[in-house]
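Take a look at the structure set out below.
Every read-out reported here was derived from the displayed coordinates using simple, explicitly stated rules and does not represent laboratory data. A quick note: this is a predicted structure, and the numbers were derived from the prediction, not measured. Virtual Cβ from ideal backbone geometry, glycine too; neighbours counted across all protein chains shown.
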Amino acid sequence: MTSAHIDSLQGADTVQDALATVRETDVGRYLEDLPVRSFDYLDESLWRYLAQSFAYIEWLRLTPRDVLKTLKAYVVKYDILNIKAALEGISSGTKVPMIPIGVIHDTGYLGELSDAQDVDEIAKVLVKCGLEDYVPALEQYKPDQPPKSRLLVQAGLQSRYYTNLLNTVGAVKDGPLLVQTFGMIIDLANLQIAWRAVISGLENHAAELAIAGGYQLTDKSVRDLLSLKMTEMPARLRNTRYSTVAEEVLSSYERTRSITSVDEIIDKHKLRMLREILAPRVLSPLVLVWYLVLKEVEIRNLRLAVKGIVDGVPAQEVKDYLVL
């Protein structure tokens with residue numbers, strides 16, 4: 001899907017009209033054969049399509065071993081999202097939808113994770129799936145302190161995920177560039193944490209949520225950012241590749257007073273930075289990572305555009321949330 005497809009999507013009046021505008025794309029051909037009559041069905045279908053795209057890479061006979069190793073380590077991000085969903089379900093007492101991607105899904109335990117009634121049951125699922133190195137992060141969860149402890153668990157899960165991912169990609173072809181790539185993703189995630197914490201007045205708690213393993217921003221750098229005012233943050237980042245990001249976040253927030261502007265600006269810059277590193281490479285695991293990123297962006301844009309049509313949100317408002 002290209003930006004031209006997004007423009008056509010946003011000009012559609014119904015879900016069926018929207019899907020017709022992307023009929024010639026791979027995702028459009030996939031959806032064309034399905035009875036898409038509601039957004040929920042479309043949402044489920046898009047997750048299945050993404051899972052199928054990942055599985056196709058594994059199916060190809062000529063896929064290099066380094067690419068398969070990178071893919072296997074990368075898709076655990078969806079296991080982390082599902083574990084977070086299970087924690088949310090325990091805290092709220094309601095079942096949260098799961099994503100049909102990842103080790104837990106592929107080993108057949110996603111339903112058991114979804115039905116988990118406490119953290120111990122989540123831990124048992126992780127052990128069954130060979131994800132036992134994520135169990136220690138669950139020990140941070142305290143039933144009597146659900147919001148704060150849930151955030152600490154999520155931070156622990158993220159840190160373990162990136163540690164495992166960096167260890168894996170560091171040993172494959174073009175490993176240094178992959179380490180740099182994921183280090184930049186960590187940096188941007190930490191910037192999101194820092195900006196949102198400063199805006200919300202939660203600086204004292206956010207330092208515990210920082211993810212280790214960044215490319216230019218160390219744990220100390222993130223803590224330093226948390227001690228600043230918003231207007232001071234761009235200057236502190238002046239000697240990093242994130243100075244422009246910080247300036248745009250500050251400008252956007254001062255104009256809109258919306259905390260979501262942090263995510264919008266950072267997501268758009270992340271795609272640009274990743275394109276600069278990954279897109280020019282061929283015959284390398286870097287190609288795989290760029291493909292995964294593009295597929296995730298494609299799915300995100302399509303679901304947001306269609307959701308806007310269903311909810312009657314003006315196209316320009318939706319466009320602010322798209323990553324183009």
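Data table
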read-out: Tally of Lys pairs whose C-alpha atoms are under 22 Å apart, taken over the stretch 54-203, 8 or more apart or cross-chain; value: 22
read-out: Estimated FRET transfer efficiency (residue 180, residue 3; beta-carbon r; R0 30 Å; 0.05); value: 0.65
read-out: In Hz, Karplus ³J(HN,Hα) per residue of the stretch 282-299 (6.51, -1.76, 1.60; θ = phi - 60°; x = Gly, Pro); value: 10, 6, 8, x, 4, 4, 4, 4, 5, 4, 4, 4, 5, 5, 5, 5, 4, 5
read-out: Estimated [θ] at 222 nm from DSSP helical runs (n ≥ 4, -39500 (n - 2.57)) normalised by residues in the chain, nearest 500; value: -21000 deg cm²/dmol
read-out: Along each principal axis, Cα extent of the stretch 172-219, largest first, Å; value: 43, 15, 13
read-out: Computed lengthening from residue 319 to residue 171, 0.36 nm per intervening residue step minus Cα-Cα distance; value: 49.4 nm
read-out: Phi-based couplings in Hz for the stretch 74-81 (Karplus 6.51, -1.76, 1.60; Gly and Pro marked x); value: 5, 5, 5, 4, 6, 5, 4, 4
read-out: GNM result for the chain, Cα springs below 10 Å: residue of 192, 145, 216 fluctuating most strongly; value: 145
read-out: Extreme residue, positive dipole direction of the stretch 32-138, given options 129, 119, 36 (C-beta unit charges); value: 129
read-out: Inter-label distance, nm, simple model (7 Å from Cα along the C-beta direction), residue 107/residue 227; value: 4.3 nm
read-out: Cβ-placed point charges (K, R +1; D, E -1), dipole of the stretch 154-222 about Cα centre in debye, nearest 20; value: 120 debye
read-out: Global form of the stretch 10-113, assessed from the alpha-carbon gyration tensor, a/c cut-off 1.5; value: oblate
read-out: Loop trypsin sites (Lys or Arg not before Pro), the stretch 18-122 (other Cβ atoms within 10 Å of the site Cβ: 15 or fewer; DSSP); value: 23, 37, 61, 95
read-out: Unit charges on C-beta of K, R, D, E only; dipole of the stretch 45-184, Debye; value: 420 debye
read-out: Listed residues 273, 310, 200: farthest to the positive end of the dipole of the chain (Cβ charges); value: 273
read-out: Karplus (6.51, -1.76, 1.60) ³J(HN,Hα), θ = phi - 60°, over the stretch 185-193, in Hz, Gly and Pro reported as x; value: 4, 5, 3, 5, 5, 5, 5, 4, 4
read-out: Which of 92, 109, 56, positive extreme of dipole for the stretch 54-124 (C-beta unit charges); value: 56
read-out: Within a Gaussian network of the chain (alpha carbon springs, distance under 10 Å), most fluctuating of 194, 206, 12; value: 12
read-out: 12 Å cut-off, amide nitrogen to a point 7 angstrom out along residue 41 Cα→Cβ, residues in the stretch 16-30; value: 16
read-out: Test item: Cα-centred dipole of the chain, Lys/Arg +1 and Asp/Glu -1 on Cβ, debye; value: 820 debye
read-out: Interatomic Cα distance distribution for the stretch 115-254, bins of 10 angstrom, percent; value: 11, 35, 31, 19, 4
read-out: Among 181, 218, 94, residue whose mean-square fluctuation peaks in a GNM of the chain (springs only between Cα atoms under 10 Å); value: 94
read-out: Potential extension, residue 202-residue 142 segment - 0.36 nm per residue separation minus Cα distance; value: 19.6 nm
read-out: Cα-derived Rg over Rh, computed across the stretch 175-280 with Rh taken as Kirkwood radius; value: 0.95
read-out: The chain shape via C-alpha gyration tensor axes, a/c threshold 1.5; value: rounded
read-out: Shape call, the stretch 30-180: gyration tensor on alpha carbons, a/c limit 1.5; value: oblate
